[in-house]
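Engineer: Quick one: this structure, given as structure tokens, is what I'll be asking you about.
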Amino acid sequence: MTSLNRRQIMGLAAGAGLASAFPGFTAYAQEKEIVIGGSIPLTGVFAFAGVAIEAGMSDYVKLTNEAGGIAGRKLRLAYEDTAYKVDTSVAVFNKLTTQNDIHLYYGDSTGFAKTINEELNRRGTILMAGASFGSELNNPEKYPFQFMAGPDYVEMFAILLEYIAKAQPGAKLVFVNSDTEFGRDPIEASVKRAKEMGLDVVAQIVTPPTAVDVSTEVLKLRRANPDFTIFHGYVLAPLPEFMSQAKQLGLKTKFMGTFWSMDNSLWANVGAPADGFMGVMPYRYYYDTSPDAPILEKIRKLRPTYQATGYMQGFLTAMLMGEAAKRTLEAGKELNGKTLKAALNSIKDFDTGGIIGVPISVPGNSVPVGRIYQFNAADKQMKPASDWISLKK
Amino acid sequence: MRIATAKETYIADEGLLVTSTQRAWMGVLLAMLVLAPFVLNQYWLYLACLVAINVASATGLNILTGFTGLVSLGQAAFMAVGAYTVAFFEGQVGTPFLLNILAAGLVSALVGVLVGIPSLRVKGLYLAIATIAASVILHFVFTHWVSVTGGVRGINVAPARLFGLELASPFALYFVIVPITCLMVLGAANLFRTRIGRAFIAIRDRDISAEVLGIPLLKYKLMSFALSSFYAGVAGGMWAYFFRVVTPESFPFATSIFFLAAVIVGGLGTIIGSVLGAAFMTLVPELLKYVVDWLAPIFPNAGAALSPVRTIVFGALIILFLVFEPHGLAEMVRRARRFFHLWPFRT
Amino acid sequence: MDWLFFTEVTLAGLGSGALLSLTALSFVLIYKATRVINLAVGEILMLGGYLFFAFVTAFGLATWLAIPLAIAGGALFGFVVERTLIRPMLGESSISVLMLTVGLGSVLIGATELIWNTDPRALPDFMGQAPVFIGEAYVSRKIAIGFVVSALVIALFLLLFRFWRGGVALRATATDQAAAYSCGINVPAVFSLAWMVACATAAGAGLLVGAIGGISPTMGVFGLSALVVVIIGGLDSVLGALVGGILIGLVEAWAGTFLGGEYKLVTTFSILIAALMIRPYGLFGTVEIERL
Amino acid sequence: MTAHAILDISNIEVVYNKTIQVLRGLSLKVEAGKVVALLGSNGAGKSTTLKAVSGLLALEDGDVTSGAITFDGAPSGALKPHDLVRRGLFHVMEGRRIFEDLTVEENLVAATYALTGRKASSGKTRPTNFEAVYEYFPRLHERRNGRAGYLSGGEQQMLAIGRALVAEPKLILLDEPSLGLSPKLVEEIFTIIARINRERGVSMLLVEQNAAVALAVSHYGYIMETGKIVLDGPTERLMADEDVREFYLGMAGEAGAKSYRDIKHYKRRKRWLS
Amino acid sequence: MNAAPASAATPAPIAAHLAVDGLGLWFGGLRALTDVSFEVKKGSITALIGPNGAGKTSLFNCISGFYRPRAGAIRLDGVDITRTHPPERAKAGLARTFQNIALFKGMTVLDNIKLGRHAHMKTNLLQALTYWGAARAEEMELRAEVERQIIDFLEIDHIRNKPVASLSYGLQKRVELARALAMRPRLLMLDEPVAGMNREETEDMARFILDVKEEWGISILMVEHDMAMVMDISDHVVVLNFGKVIAQGLPAEVQGNPEVAAAYLGSGDPAELMRRLSGVGEAA
């Protein structure tokens, strides 16, 4: 009998331990705060961006709260690592939304944005943005509760093409993309667009996602001998090797990239071979001391060392979310997907505090603005190579 | 389960649950499974469904690798075939939910048979690599057969509908996914009470002598591949309805590794091992998140800085189990059962 | 047909093929002595690259010193892994040990992310920039150097196994450890040596691969291509690693150029399956004797 | 015993997996230059005894938990198996255990590691003593470049003994050299075993199921049951023992060989020890 | 019942149970078997002896279907089975044990024995997964039969639920015999059934072999080197050397054949051997 009792006690103890280990069993108290949820890739192939995004978002939250919050309510960031895997992202989404009252959400990939879209539409309570600039998402009908804090990939290409068309009409182009969803996204549409703009895409090169050695691709490039080579679907590798081999071969082509391969510190590490690399960037860099950028000043005070491009992306995304929430609350409306999106789309000629050099509007799901920067190896910095380019719809 | 009668003593002896204690525990477990959705919140229901899907797939892989001895690193690809099948049938054909799930299993089984064909000649680790090759080729098909798979963009899947109800939330799907998985696990347990299960084990232990004992090797190896990928296909099909989008990146190679790890951690060649292993490996990363949460006050940047730890823990779990508990969780359960059986008289 | 272009593509293929061969050599050495497929080879490759990176940038060492140190670091790692993880697994099934190395790879990736974070980085240049021309055909300098180094190392091992009885000891140990002991072979030493040399080779290959493509926690996937090489060449054959590496290097180069980059992987893996159907133990692998 | 004992096993106990005891206080001696037979039924612990001597026990999770083994005047317990081989103790294991993937000659090369530290020629890939092996076993010479796995059972046994010869040992432990061999080959192999003993003065400890042929080549014999020695003596004495004659040599009393056709059902096993 | 496909050739008159006729087998240039012919009569024990490498195992492998002979024919009860696959032969009533025990280490004794019945069972995959009706009935019938006929007969009831790996060598050999018996054989092939056994264990095994023949009426073909046992229990002896039959007949006839003695038996007398050996040292 004694043993039975002891066993029961043990069972109770184990049960209690279990309950405390599984917070799902306990209810959460609601606080008067605005929570931004986040599925953020702090590990995995996209971690370099995720870490910076998290920093940017939490800094925005911090600055906003210091300034009194949004309509009197504090902002809070609730996020978890996803390792850039769709199922983990969904798990994080489900977990965070059950534990917090979430109306704003940051998602990490195109795959996740597409996966969760049905759920967003079903709930209708959340406005989501994220690290993906997938052109498919830039469709307010299909993705009514999502947006992106910058141009989509096709728009990024469009900005590059616009720059090229102006700098060298009729130039010969080569597109180089990785064989991933990310890499393939803008290619088809952009080939068409280039043709319309009188530019000549003489070759398209696709590299396997895990390419290390690019010698054969460089040989192909040499045959095509373009004036401009546009990379898409990479972060850094194998671009430096591509460029240095091309230089060794005496190719005159100019190399360009899109947002996620525009981080300054990555290129600073590459050094000389990176010289002259250009690309489209929707935001200013951390070190930009333009007078019309008070926010950058604040950021530099908060974080004395360089912050990656993902930081700006995260910061601006959080800012647009905050602005949407603010406008909704100030209009006396309840926070939900519809009201938030409407508030977001009401943003017109909005001053980002200098993160973007021109006032922006969010007519649909994207912010089609960008600027061409070029890397200067001597100064180890990306320098503006054009004015801000706003695409007209 | 029928209670044995005097006439059918061997039936009792060969039942899945031999003692009344076992039957009682199984009853408790089933009751818990039925009650769970009314107690758990959405997040834990989400995890419960994910665990169930993974259990189904891990059970399939254990049939192939643990019981038949054919190492496969292609389980994720078979799941993908199932998921695409569901997406295709749901979107383009419009057949009903359960039929689509069945079709997912069957199409996957067919692909499994194709992939299994080299297994007669190619052995051991060479075969494992051949299954990697098969998954690479399948991935290529998913990316390039745009008219069926939607290419890199993949396919969105409409919510499952059953008896006019829309099954969109984890709560609703739980009532389909968990029973299907339970049936599949039961099926696997039954299998190893019959000649087919024995044939699989014989092939694992010594394939050439199995042939002389009357077991046609190719037929049974292919059957094992078919069954294993049927399980994967059904799991993939449920996955498709659960996540409602299928892309080529949905089932990366790492998923195959995950399932193999789950089966090893759970216990190769045991049914309960597949269940425990899949549940354990699915839940560990979640539990780690809580650890990180608890540490957050001490290390302000714990979330970001400690997250590679999860990668390390995944690897370390595999290593530790292999070195210290090579027969996996199943063996630990067995030991615990023996302990409680004798407790408190001996330890 | 543009023959110059074809020649250049072929040369590039030979170059990357040599790197694959070198990595494959690491697989082969370990398999030869311990019958273990080390799926962590890619991560050890990565470790070599990061060690070199750390020695040069964090410790400010000269490259000529950092290179041997990184390779020695690989050897040390091999030694530790063999002693602590592989030896307790003696006698376990090959799939268990295979998965152990998968776990090891995961731990290495996590540790690398923890220490160096996940940014991709370029290695400090230690090969120079000037291009190499063979006749009129262009070869990237790094690729050319990689080819020469790989070829020398593999030639060295081929000669070693031809004229030194250590090769026999390695294979004897792999076939039957107890019998090897009973022949006076110091089995633990053979295991240690094989792992040390193999991991040093992988670390060295990591330097070359990292110099070409940069280093990142994901660079370990290179090991997967090398795995294809050893399966085609035969898991226990140095010659197989050489021939397989060159073959895969060429096929990848040709497929990538004339079909498109997206066809590279699928072509090599299709060849893998075809090769296995014809020769289940690879081109030069030892056929296992099956008896009733 | 006055002669110098090359091997002296004294009162050893062996436990597998820390739980299963196999040897319980076993003692035996091999005098220098002699052949000693160790007989007993399956599972009595004969192979375990040999492995305890050669140190290979550790590979199978076995431990010598008490007692002492002295080889060539020095305790062997602390030595690794390969060190023992290099000191002149060679174990020809049950089932031949040749390296199937290697050629015949490579198998012999592998055995040259036994000469490490003993012979100037130890580093060479082909020391002169290969000729001696080929002289004993001309068939191995014919097939020296063939893969050892394709040799017939008899040839594999020859190769296993050939490897021992290359190692130039003082003591050879032979585990069931007759297993699976035809009567004639058994005679051949045992003739060579006897020659090696007599021509080279190599001592041997021989484990055999074929008691008749084992006793024919030995000077002394031990019989073991369930982990200990139950009977021992010079070969002549053992062969005269009635129990040995019935249970090991298959002789029915004084009458000579008994037929397998006459075996009674449910025959009770003779207990050597009560 | 008879699953072997009918041969196009006219069946030989059913004189023998197993008839091996002019069998030839070669690998590359290496001749393993040349024109091997012999018969196993119903209800008899036939022993196959010969030097190592003479082709006994190759012959066994040809009969059980692991090798394909290049020439000749094998007939079981008059039906040509030369071209059939091993599982079909098993179904037709051919069972064997193996030289190196080939039990399935991951299974219990009972499951190992049950496995032998595989070819005679009908449960399909779907029935197996559900374990309904026919599948369960079939399993129960098998269990009852195995218990009644085999486990009792071979006196292995105390180990039926043990994993085979934990058994001693002698018991493993017995379980292998049990598994072969579960195959409902008409012809049982034993490959060195008493190798590595001492006199006492050999006696046990000999008793079981004789019982199988006498009580079950199964014909036996066995390879064995233990001449004392072979000569005592077999009805017919076939001697192979260099892949050819050099003698066959009654045990006594074969034993007296000088060619057999020269190729295989040697002196056959330990006493004689001892005399020779004692002279070895001096001679050298």
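Engineer: Looking only at segment A:119-138, decide whether some residue is surrounded by fewer than 21 Cβ atoms within 10 Å (Cβ to Cβ) and of a type in the set (A, V, I, L, M).
Structural biologist: No, segment A:119-138 contains no residue that is surrounded by fewer than 21 Cβ atoms within 10 Å (Cβ to Cβ) and of a type in the set (A, V, I, L, M).
Engineer: Of all residues in segment A:266-289 being part of a helix (DSSP H, G or I) and open to solvent by 40 Å² or more (accessible area, probe 1.4 Å), which is farthest from the other protein chains (Cβ to nearest Cβ)?
Structural biologist: It comes out as A:272.
Engineer: Would you confirm whether any residue within segment B:74-94 is away from chain C (no Cβ under 13 Å), outside any helix (DSSP H, G or I) and either touching a Lys or Arg at 6+ places or on another chain (Cβ under 9 Å) or farther than 30 Å from residue B:193 by Cβ (or both)?
Structural biologist: yes
Engineer: Answer yes or no: is there a residue in segment A:370-381 that is out of contact with any His (no Cβ under 9 Å at 6 or more places or on another chain) and closer than 21 Å to residue A:140 by Cβ.
Structural biologist: Yes: one or more hits.
Engineer: Testing residue C:142 on (1) more than 29 Å from residue C:192 (Cβ to Cβ); (2) facing another protein chain (nearest Cβ under 7 Å); (3) buried (at least 21 other Cβ atoms within 10 Å of the Cβ); (4) touching a Gly at 6+ places or on another chain (Cβ under 9 Å), one condition comes back false. Which one is that?
Structural biologist: (2)
Engineer: Determine the pairs where a residue that is more than 10 Å from chain B (Cβ to nearest Cβ) and within 25 Å of residue E:169 (Cβ to Cβ), located within segment E:79-103, has a partner that is assigned to a loop (DSSP other than H, G, I, E, B) and among the acidic types (Asp, Glu) with Cβ atoms under 6 Å apart, the partner being 6 or more residues away or on another chain.
Structural biologist: E:99/E:192
Engineer: Filter segment B:152-173 for residues that are under 19 Å from residue B:82 (Cβ atoms) and buried (at least 17 other Cβ atoms within 10 Å of the Cβ) and give the result.
Structural biologist: B:154, B:155, B:156, B:157, B:159, B:160, B:167, B:173
Engineer: Out of the residues in segment D:18-34 that are over 18 Å from residue D:226 (Cβ atoms) and assigned to a loop (DSSP other than H, G, I, E, B), which is nearest to the other protein chains (Cβ to nearest Cβ)?
Structural biologist: Taking the candidates together, the pick is D:33.
Engineer: Now a separate question. Would you list the helices (runs of 4 or more DSSP H) that sit entirely within segment B:158-277 and hold 1 or more residues that are within 14 Å of chain E (Cβ to nearest Cβ) and within 30 Å of residue A:92 (Cβ to Cβ)?
Structural biologist: Counting at least 1 such residues, we get B:170-191, B:217-243.
Engineer: With the condition kept exactly as written, say whether any residue in segment A:143-166 is open to solvent by less than 30 Å² (accessible area, probe 1.4 Å) and assigned to a strand (DSSP E or B).
Structural biologist: Yes - at least one qualifying residue is present in segment A:143-166.
Engineer: Another one. Count, please, the residues in segment C:6-42 that happen to be over 27 Å from residue C:167 (Cβ atoms) and in contact (Cβ under 8 Å) with a residue 24 or more places away in the chain.
Structural biologist: Going through segment C:6-42 one residue at a time, the tally reaches 9.
Engineer: Say we look at segment C:82-108 and pick out the residues that are over 17 Å from the mean Cα position of the chain (by Cα) and under 30 Å from residue C:125 (Cα atoms); which of these is most open to solvent (accessible area, probe 1.4 Å)?
Structural biologist: C:107
Engineer: Restricting to segment E:59-74, name every residue that is surrounded by fewer than 23 Cβ atoms within 10 Å (Cβ to Cβ) and touching a residue at least 60 places away in the same chain (Cβ under 8 Å).
Structural biologist: E:73
Engineer: Filter the helices (runs of 4 or more DSSP H) completely within segment A:290-393 down to those with at least 1 residues that are acidic (Asp, Glu) and surrounded by fewer than 18 Cβ atoms within 10 Å (Cβ to Cβ).
Structural biologist: Qualifying helices (runs of 4 or more DSSP H): A:294-302, A:309-330.
Engineer: Checking the condition more than 23 Å from residue E:17 (Cα to Cα) and either open to solvent by 60 Å² or more (accessible area, probe 1.4 Å) or assigned to a strand (DSSP E or B) (or both), which residue from E:103, E:154, E:126, E:110 passes?
Structural biologist: None of the other options fit; the residue is E:126.
Engineer: Name every residue in segment E:154-201 that is free of Cβ contacts under 8 Å to residues at least 24 places away in the same chain and acidic (Asp, Glu), in order of residue number.
Structural biologist: Within segment E:154-201, E:155, E:157, E:200 qualify.
Engineer: Please go through segment E:209-233 and give me each residue that is farther than 17 Å from residue D:181 by Cβ, open to solvent by less than 10 Å² (accessible area, probe 1.4 Å) and within 10 Å of chain D (Cβ to nearest Cβ), ordered by number.
Structural biologist: Selection gives E:209, E:233.
Engineer: Okay, moving on. So which of B:51, B:107, B:18, B:55 ends up being β-branched (Val, Ile, Thr), at pLDDT 90 or above and open to solvent by 30 Å² or more (accessible area, probe 1.4 Å)?
Structural biologist: The conditions single out B:107.
Engineer: Looking at segment C:158-165, is at least one residue without any contact (Cβ under 8 Å) to a residue 24 or more places away in the chain, in a helix (DSSP H, G or I) and facing chain D (nearest Cβ under 8 Å)?
Structural biologist: Checked against the condition, which is being without any contact (Cβ under 8 Å) to a residue 24 or more places away in the chain, in a helix (DSSP H, G or I) and facing chain D (nearest Cβ under 8 Å), segment C:158-165 yields at least one hit.
Engineer: Here is a further query. Which condition does residue D:37 not pass, out of (1) small (Gly, Ala, Ser); (2) closer than 26 Å to residue D:117 by Cβ; (3) open to solvent by less than 40 Å² (accessible area, probe 1.4 Å); (4) outside any loop (DSSP other than H, G, I, E, B), if it passes all the others?
Structural biologist: (2)
Engineer: Shifting gears a bit: All but one of (1) closer than 21 Å to residue E:54 by Cα; (2) away from every other protein chain (no Cβ under 12 Å) hold for residue E:241; which doesn't?
Structural biologist: All conditions pass for residue E:241, except number (2).
Engineer: Next question, about the same structure. Going residue by residue through segment C:39-50, is there one that turns out to be surrounded by 24 or more Cβ atoms within 10 Å (Cβ to Cβ), of a type in the set (Asp, Glu) and in contact with a strand residue (DSSP E or B) (Cβ under 7 Å, 6 or more places away or on another chain)?
Structural biologist: no
Engineer: Still on this structure, I have one more. Taking segment D:166-195 as the search range and keeping residues that are more than 20 Å from residue E:198 (Cβ to Cβ), open to solvent by less than 10 Å² (accessible area, probe 1.4 Å) and assigned to a helix (DSSP H, G or I), which one is farthest from the other protein chains (Cβ to nearest Cβ)?
Structural biologist: Among them, the one singled out is D:166.
The values are calculated or read from the model by the stated rules, or taken from the named source; none is laboratory data. A quick note: this is a predicted structure, and the numbers were derived from the prediction, not measured. Glycine also receives a Cβ, built like all others from the backbone with ideal geometry; neighbour counts cover every protein chain displayed. When the accessible area is computed, the model is the full protein with side chains, heavy atoms only, and any ligands, DNA or RNA have been set aside. Shrake-Rupley method; radii C 1.70, N 1.55, O 1.52, S 1.80 Å.
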